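Below is one structure, written out as structure tokens, with a few remarks after it.
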Amino acid sequence: MTTHSDDPSHAIFNKAKWAFTTRHVPKEIVNGIRFTDSPQSGDLLLARIEWIGHQTRLHTREGRFSDLFVGDLIVATCGARFATDQFEGISQVRADGKADLLAAGGIIGHTRSRHNRMKPATRLRVLGVLTDPSGKLINISQHTIIQDSHGKPGLTIGIVGSAMNSGKTTTAAYLIHGLEKAGWRTAGIKLTGTGSFGDLHAYIDAGASVAMDFTDAGMASTYLEPIDRIIAAGHSLLAAAARHGCDTAVIELADGITQAETSLILNHPQRDQLFDAFLLVAADSLAAIGGMAWLSERGIAPVALSGLLTRAPLVVGELSQRFCIPVLTREDLAEPTVASSVINRISAVNHPSGP
Amino acid sequence: MDRPLPLLHISNHALAVRYRPGFGSVIPASWTLVPSVLSGLPPIVCVHGISREVEEMARLLSPASAETGRIFVMPHFDEKHYPRYQSCLCRNRSDLALIRLVEELMRDGCVPPGRFDLAGYSGGAQFAHRFTWLYPHWIERLVVSSAGWYTFPDNSPFPYGMGPSESSRLRLVHQCLKVNLRAFLDRKIMIRVGEHDDAVDAVTRSGPEIEAQQGRDRKTRARIWHQALLQAARDLGVVPQVDFALMPGCGHSFEECVRLGGLSEVISGMQQAPS
């Protein structure tokens, strides 16, 4: 590790664009910067834009897009990314300080692979890790909304998908909308994935009483994080939802059910402590059939099917006949009577609950 | 223009009467009776019949509110915005309008959070039992009084039963009703109808199909619905908490049912269903 001799002034920190993933870190605590070529996942990095690639805009901590220009300074978080149709990257900065902006939510790391339709990631030069007045490296895990892990909403439903872009966030948002209109105080929670405000905004726009994700629990991304840390984050986020008075929580898991962390969660012995039921989202008929079989092998019987497949009435008809569960369009889920009956279907099996 | 609500004069020092204006088809206007000594029991929402005599309802129920310490909320589903409020799933969605009203009252601290008792008279009873069936999580206890007709736990097309509706707008309602049936039957349900409420009048829905399913008049229909609920509960293995009684000396008049039939005692919970 080497120490950077030039301590940038606070004006530079303030002028930098602070990414979404940094939003729980108070700017006032930043006191200096230290260069290290081995930052840890979650460390706050000051970086300069060297070349604009795929990511042309940054999700700021204020919740807006900020166009990026070469030479811009950004404060973002060291982290990994797993996105089958975009990038895979790890939380690593090269020795010369070069790194990639792996995700517009503010994830800095090293690209390992990318989808063949993707331009290379926007390139950065990392100037250092931000430090607090005691000289300690600032990591977002030190700044969370987590208080404890006690309590959870009366009923929780997991949204899992056959793959990325199968309609999980849309399904979660429309279900939240229907539940809120029916009087269920509902939390929208993204438990795994890469830090980004898009999903949280979708939950908020749908009317969620509270919207949270793993960044609220101190992780910039859940890719390659220890499974027990993610499970603990799930308990903490559910406890926070309960403190907000939520009776239900809709919990979205990123990517497909076979993705490493999502798969580990669905196989975890504490799975049933986090989820009372699951809704499977798929893009087409075969994906739904495969997903149902994969889940069934793990003792999971989804309460409903949804996702892109519902755009085709023929597929809806086929799957409705094959499985004895409702196949619901997003408009169906937004209907309060339908959303409420999804909950009642779960309650009938598990336990009664209400506002 | 909506008909302006007249001032409601209730001379009862043990009670505060609050009027809350409505907002178009978003939230109905409402009267709330707040006793000076509160029982801590859930509030009671009472829904008027199609004559929409909500002030009369408030006046007649105010002694029970003061005596029992229970908050009464009486929404006014005005004819302009909610012409078919009884169906619950009408164009302007009286079901969602009621949820919004209750949530607003909770937010303002006028009523405590949580479940409420729901009572309805005549057209209001139609609304009340459908609302409870669609949203059982909201309801602690249901009082259905003198409904003109009912949604039955059978396979008749909705709204007569839990079968598929011909309306595409309602294409999933039957599935919801079937899923919710157990939770609905798990509520305390009190069914009341006037002893003399057996006349078929101009507003009684009639025809061979409904008469074959439910009978000709309100009294017969209430009895048959009661039996149907008991049977459905037995079929599902639910211990029924459904209570039926005739209100002696009463025809189809809310005032009569309160004065002679003890309806305000039933609504306010002074007369309990068997547990």
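All of the numbers you see were taken from the coordinates with simple rules; none came from a lab. Fair warning: this is a prediction, and the values are worked out from it, not measured in the lab. Don't worry about glycine lacking a Cβ; one is built from the backbone with ideal geometry, like all the others, and counts go over all protein chains shown.
Below is a table of values for the structure above.
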read-out	value
Folded to 0 to 90 degrees: helix B:54-68 orientation relative to chain B principal axis, Cα	70
FRET efficiency for residue B:51 and residue B:196, using Cβ-Cβ distance with R0 set to 25 Å, rounded to 0.05	0.85
Ranking of A:185, A:64, B:115, B:218 by count of other Cβ atoms within 10 Å, fewest first	A:64, B:115, A:185, B:218
Residue list for the stretch B:89-123, given a label point 7 angstrom along the Cα-to-Cβ vector of residue B:169 and an amide N cut-off under 17 Å	B:89-98
Estimated FRET transfer efficiency (residue A:314, residue B:13; beta-carbon r; R0 56 Å; 0.05)	0.25
Neighbourhood net charge (13 Å Cβ-Cβ; Lys/Arg +1, Asp/Glu -1) for residue A:207	0
Inter-label distance, nm, simple model (7 Å from Cα along the C-beta direction), residue A:113/residue A:324	4.1
For chain A: rounded, prolate or oblate by the Cα gyration tensor [a/c cutoff 1.5]	prolate
Degrees, to the nearest 10: A:227-243 long Cα axis against longest axis of chain A	70
Label-to-label distance, nm, for residues given as residue B:91 and residue B:260 (7 Å Cα→Cβ offset)	3.9
Measure of compaction for the protein assembly as shown (Cα Rg per 2.2 N^0.38 Å)	1.14
Pairwise Lys count, the stretch A:10-141 - Cα closer than 24 Å, eight or more residues apart or different chains	10
Fraction of beta bridges assigned by DSSP in the stretch A:10-141 that are antiparallel (%, nearest 5)	90
For the stretch A:285-341 and the stretch A:112-181, distance of Cα centres in Å	25
Antiparallel content of DSSP bridges confined to the protein assembly as shown, in %, to 5	45
Kirkwood-type radius of the stretch A:10-141, with distances r between different C-alpha atoms, in Å	14.3
The stretch A:155-349, Cα convex hull volume normalised per residue, Å³	100
Residue mean of other protein chain beta carbons inside 10 Å, B:86-97	1
Cα long-axis angle, helix A:336-349 against chain A (0 to 90 degrees, to the nearest 10)	80
Over the stretch B:117-275, equivalent-ellipsoid semi-axes from the Cα gyration tensor in Å	24, 19, 13
Environment charge of residue A:98, counting only residues whose C-beta is closer than 12 Å and scoring Lys/Arg +1, Asp/Glu -1	0
For the protein assembly as shown, calculated [θ]222 nm from helices alone, where every DSSP H run of n ≥ 4 adds -39500 (n - 2.57)	-9000 deg cm²/dmol
Packing-based exposure ordering (other Cβ within 10 Å, fewest first) of A:261, A:331, B:140	A:331, B:140, A:261
Burial ranking of peptide ranges A:152-165, B:44-57, A:314-327 (average Cβ count within 10 Å, highest at the top)	A:152-165, B:44-57, A:314-327
Theoretical gain in end-to-end length, residue A:67 to residue A:96 [0.36 nm per residue, Cα-Cα removed]	7.9 nm
Mean-position separation - Cα centroids, the stretch B:201-261 and the stretch B:60-98, in angstrom	20
Neighbour net charge for residue A:71 - beta-carbon separation under 14 angstrom, K R +1, D E -1	+2
Beta bridges by DSSP in the stretch B:15-268, antiparallel share as percent, to the nearest 5	35
Neighbour-count ranking [beta-carbon atoms within 10 angstrom, fewest first] of B:270, B:162	B:270, B:162
